Every structure is written in C-alpha cells, then in structure tokens.
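Here's the structure, in structure tokens; my notes come after.
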C-alpha cells in the first residue's frame, strides 16, 4: 500500500464506523423474571422453583430492552419474534411477530413503549389467550434508515408460556379463586383407594412447581411427536398427556404392571409423588419408569396438567367397570348349567379406579358440555388407535350422551353400566336372564377444595341411582352400544319435542318465555312426564351452576330473584334441559336449548327514574335498580290436553305432567 492510499482507507473506515454507530442494535434484554418481581407475581408463576421467565397467556408482561443508542419512534422500528418448534410458521401460531404500537388492544399480540430511559426502553407486551403453550425463543429485530439488525438468541431469554385459568378469554378459565388455588396452585393432595365400604387415602406430592418439573412436562409434550401448533388447545393437550403418561404405544412416562412382580423396577405402592418419576423420565431421555398403576398414572397427570396451567384433580371411582366391547354394559356369560364361561367374561369390575378431571371449555361440543372433563391415562382400551381416554364431558356422561367425544361411552360404562347376565342356549346363542342395577360407580371421590376432607362428586357423573332421569340416561346411552337389545326398544317413536323462542328472545327486564312444542304423530293418546332443569352458562359453553330443578308433576313453579341473583355471569346465558319418557310406548325424549337474557335498552328521561323488570318463566320477578326483588308466584296445572298440530303450548321451565291427543283437522 502506498502512502497516497492510506487517507482513502481511513476515510472509508470512519464512514463505516459512523454507519455502525447509527445502526440501531439490541445490546441486552431484561425480562424482569425474578420470582419476586411484577411479571411472575401478576401471572401467578412465582411458585415455580426456576429462574426462567414463566408467564401465562392472555395477559400483559413487561420487559426492558437496552439499545445501542436512544430509540427514536419517528424513524426507528422494532418488533419481537417468538418461535416454538422445529419449523416455526406464522400461519400455525408457532412464529409470532409482535409489532410495536402506540396503544395496546386485547385481541392481538402487540407491544408498546411505556417508559424510555436514554438507551433503555420498557415494553408492555400483550399476548393472546389462545396462544400455543410451551418454550419460545425470543429475538428482537430493529429497523432504521441505516439498515436492520436482529438480536442473537439467548436461551436465558426464552419465554415459557402457560395456560391461564385467571384469564376470562382462556378456555381453561375458572372463576373461583378458591378452586384455582386448589386445582392449579396446590402441590399436595389426597388420593382415595380401597372399597366403597372401606375407603382409604394416601397423600400425594404433586410437586408441579419443583425445580425441573416444568422442563420435564414440556419434554413429555415434545416426546409425543405432536406438532406444537396444537398445543394451544387444552382439549388436545389433555388428550396428549393422557396418552403420554402411559408407555404402551409411545414410550411414555410410566410402564404399567399389575402382575405382583416388580423386581425389575419400583412397586407402584412405593411412590408417594410425581416429582421423582418425571425427573427420572426426563433425565433418561424418555425411558419409561417402572412401574405404575391407576393412582400413579392419575397422580402424574394431575402434576403435568397443573404445571401447564390446566385445572386438574385426581378422582377415584369405587366399583368401577371395565367395558371391553363397547356394549356399555358389564356382561357375565354363563353356560347351559349356569357355570361361568371364563373365555368370554372379559369385562371386569375394579374395587376402585383412579383417573382425572380437568377443567376447560368444549367449543367442539354442543353448549353446556364445558367444565369438568374426565381424562384417564391408565392403559385399558385404545381410543382412535392409541391407549388414552378423554377428555370426556361429565355433563355428557351424566346424561348418557355417549356419542360425544372423547371416549364418553367408556367412562359412562365405568360409572353407570348395568351388569347383565347371559345364558348360552342349545343353539349357541345367548339370552339375557338377569340384570343388576346400582352396581357401578359409588362414592366417586376427590379432595375437597381448601380442606383435607373427601368430596363426593358422584352427582356430577350420574343422576341419583334408580331415578327416572338415571334410567333414561342408561337406556339412551346403551342404544349406542353393541348390546342395545339388552334394553327393550320403544314400541313406537311417534312423539317429538322442540323448544323455540319468539323473535330475538327474552330481554333482561322482560318476560322470558320459551315455547315447548310436543307433537304426536300417532292416532292414539300419549302421556309424557318431562323433567327439566335450567342452568347458568358461561358464553364458552361451560356449565356454572344449576339454578333450579323441579320435582312436581303439576306445574306450580317460580324462579325467584334469590335463586339466581348471585349466579348469572357475563352474557347472562342459560340452558334449559328437558328429558322424559312416553308412558304408552317407553319412548325417551330429550333436548337442550340455550338462550340468554338480553341487556335491556336504556331510555334516559330527564328528571325521571327508570324502573326495570325481568321475568324468567311465566312467574313474574320484578327487579328494581335498588337490587330488591318483589316476586309474585303464579300456579298452573296442566290437564290432559287435546293436541292440535297448528298450536303450541307455552310453559315455564319445570317438570310437569302433560297428556295430549292428536285430532284430525278437516277443511
């Protein structure tokens, strides 16, 4: 290089250095991830024994970014990139681009600058309540007139996003703080075992917040081989965990063993918690742990789902049926001499069986099926080719709606199947000779909220034994089984039921009347007894509470303000459930109808007080703006009635006796 070239080289170097100095680059990221700081406290993740940044979806979080120079909003641009999985894709929600905006909105991923201190900016970041859960890699891209730059990925800045039961727009939202504390935050519980006459209990350490457990739970999801794009749906995640906690067909967490010989591993009775099991599985890169039985599988499922943010509880069913042929009955086969045919008697009844309930909305099912869902990781039967079970809606199980996914028929048989005895005939066929009811599903138990008492939840799984509602559920369910002939078919199905609503429906402050239409297409008289209940629903379809059930045969019913004033939630959604049986033919009728109380129009008049009224049913309920109620009850008796196909009959929500006859209309 000659002397004349030196100044030119120096000039280019200076220009380059000036260009670099003006380029906006990220120097460091501070996620404010200490357990004692704002983010993790507000996101209820401060109990996790980890220094990782753990947050819940559907909620804002704060972060600091230190830049190479002060940020100029008029010329500089910035956005965050979050990526999860091996092939992150924007359209699948596994690559999230978070733009910088002036003001945050609730329905999208966005970030806004809330504070600037020289080269440092503080961002408030909004996340979607439907986001995929898991471990995201974070990078920051900056753009300015001098070019763009992307920060280097630092594993220490990875973001762990979980389900959020505190967020109303998350499908796992649970509105009771006491229940959230029990079913999400409590890391110790009780598992019941024994027999229905001798119920025992054991303490179980769920340990969902212990060091290394979140990483192990996410490893279980990854080991499943399912795409991360499906991890935003709790229905899908619960089903994956149900499959992955047993090892039968996917090298999952636990290997089951009921042989009595546990010399190659650990006896199932030895375990007192999930922590060691999950840590060992993670440590040995997915080698199944030996051994587990139903309560161990269920204990691990509770740990994993609570860790991921899905409310979950461990449930024990005493006298639990194992239906092997989708008959929805527990079958006992006998020969001509009434001796058991062991090779055919594959159904069994366990003294107890333990599984899980998890809480979520079910937008994939009809309204009212959200709430508690049964999930079972014990490998008993395959579901769509995999040893898993659920989630099955408890409401569907209770009402015998076994055609609703997932695996509601199997769980129904566990808790409410009849035991049917079959005798072999001389020609090799079998005839039903006896049946036993009230055998399955006793003292279904879980730990009570906020105490160590046993909570009996049998009523959530089935109607009271022997009631007409329970028999209707059993017979309705078994019509979808492989032995529908075990129950007498109706001699005719000539009555239909329909619930309709006039116009745009009832308004808060006005009458709430529904039309129940019963149509008899036969030429004979038909007598129907209808049972009903009205329940408060979230707009997501999750059942909140039953407002009223009536047990009288004569319409004499009123829904008072005191019955529901503390029950209605946003959207004021309600569901009417009707079921009944036609006396003459034994035909079963059932239907559900969802409706809501619309917010009344607001008419403002100067110097005048407006009083609003509401009426749910035909019994008038007056609500005043002082929150006091005046109730007048009307009684109505429904006699046998001549039915005209051009007429409808309007009744309030109740259980009532209604006889009617079709008449011919001549013109």
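FYI, it's all coordinate maths here, none of it is from the lab. These numbers were taken from a predicted model, which means no experiment stands behind them. A quick note on method: Cβ atoms are made from the backbone with ideal geometry, for glycine too, and the neighbour counts reach across all protein chains shown.
Here are a few things to note about the model shown:
- With contacts taken as Cα pairs under 8 Å at a separation of at least 6 residues, region 5-162 carries a relative contact order of 27 percent.
- Fully extended contour minus Cα-Cα distance, from residue 152 to residue 262, at 0.36 nm per residue: 34.7 nm
- Pairs of alpha carbons in region 349-432 separated by more than 14 Å make up 66% of all such pairs.
- FRET efficiency for the residue 249 to residue 492 pair, using the beta carbon distance and R₀ = 51 Å, is estimated at 0.65.
- Quarter of Cα convex hull surface for region 177-483, i.e. mean projection, nm²: 16.7 nm²
- Computed from label points 7 Å out along Cα-Cβ, the spacing between residue 382 and residue 203 is 4.2 nm.
- Among 475-486, 490-501, the order from most to least packed when residues are scored by Cβ within 10 Å on average: 475-486, 490-501
- Compactness of region 158-223 was expressed as the Cα radius of gyration divided by 2.2 N^0.38 Å, which yields 1.44.
- Of the three principal axes defined by the Cα atoms of region 5-162, the extents in descending order read 63, 33, 31 Å.
- Residues of region 371-415 with amide N under 17 Å of the 7 Å Cα→Cβ point at residue 179: 371-375, 392-398
- Evaluated at q = 0.13, 0.19, 0.23 Å⁻¹: base-10 log I(q)/I(0), Debye formula over Cα of region 214-273: -0.42, -0.76, -0.96
- Mean sequence separation of contacting Cα pairs (under 8 Å, at least six apart), scaled by the length of region 177-483, corresponds to a relative contact order of 19 percent.
- Sorting 336-346, 78-88 by average packing, meaning the other beta carbons within 10 Å per residue, from highest down gives 78-88, 336-346.
- Take every pair of alpha-carbon atoms less than 8 Å apart whose residues are at least six positions apart; their mean separation over the length of region 200-324 yields a relative contact order of 32 percent.
- On the beta carbon distance between residue 91 and residue 338, with R0 = 51 Å, the FRET formula returns roughly 0.20.
- Region 20-50-region 316-383 distance, computed between alpha-carbon centres (Å): 47 Å
- Centre separation in Å (Cα based) which lies between region 241-280 and region 484-505: 47 Å
- Volume per residue that the Cα convex hull of region 234-378 spans, once the total is divided by residue count, Å³: 146 Å³
- Segment residue 130-residue 501, length gained on full extension (0.36 nm per residue, minus Cα span): 130.3 nm
- Length added when fully stretched, residue 46-residue 280, from 0.36 nm per residue minus Cα-Cα: 81.8 nm
- Using R0 = 45 Å, the C-beta based FRET efficiency linking residue 272 and residue 468 works out to 0.50.
- Of the peptides 375-386, 397-408, the ranking by mean beta-carbon count within 10 Å, highest at the top, reads 397-408, 375-386.
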